[in-house]
Amino acid sequence: MATMTKKKLIQIISQKKGMHPNDVRGIIQAFLDTMTDCLSQGDRLEFRDFGVFEVVQRKQKIGRNPKNASVPIVIPARQAVKFTPGKRMKRVIEGENSEERAGEFSSL
């Protein structure tokens, strides 16, 4: 399994679109910054067919220290970002339509 880094993503998009990597980097960074700002304000981000990002409240729970499993620790309540994939993404990931999968999200 490979890891897609921001640098690799910038290279791929700049080659596909014939844009300078610095221009693509600026666009991607602006997109990520805007997403972060929206989520920090409690907004929900919905991208049709791709998925939904939203902030959820995680409840306090009891955990175990992996080094000393007999000692319980309290994991405090916190906010977290939840991602729910959209229908098309689910279909592509699950490989239901291998022909459709080949170019499903490549039309960036």
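Things to note:
- Selection status of Val92, touching a helix residue (DSSP H, G or I) at 6+ places or on another chain (Cβ under 7 Å), over 15 Å from Ser40 (Cα atoms) and surrounded by 10 or more Cβ atoms within 10 Å (Cβ to Cβ): yes
- Taking strands (runs of 3 or more DSSP E) as the structural unit, those lying wholly within segment 3-82 and holding at least 1 residues that are open to solvent by 90 Å² or more (accessible area, probe 1.4 Å) and of a type in the set (D, E, K, R) correspond to 51-58, 61-65.
- The number of residues in segment 83-95 that are assigned to a strand (DSSP E or B) and among the hydrophobic types (A, V, I, L, M, F, W, C) comes to 1.
The values are calculated or read from the model by the stated rules, or taken from the named source; none is laboratory data. The structure presented is a predicted model; accordingly, all values stated were derived computationally and were not measured. Quick reminder, even Gly has a Cβ in these numbers, built from the backbone with ideal geometry, and neighbours come from all protein chains shown. All accessible areas refer to the heavy atoms of the entire protein, side chains included, with ligands and DNA or RNA removed. Shrake-Rupley method; radii C 1.70, N 1.55, O 1.52, S 1.80 Å.
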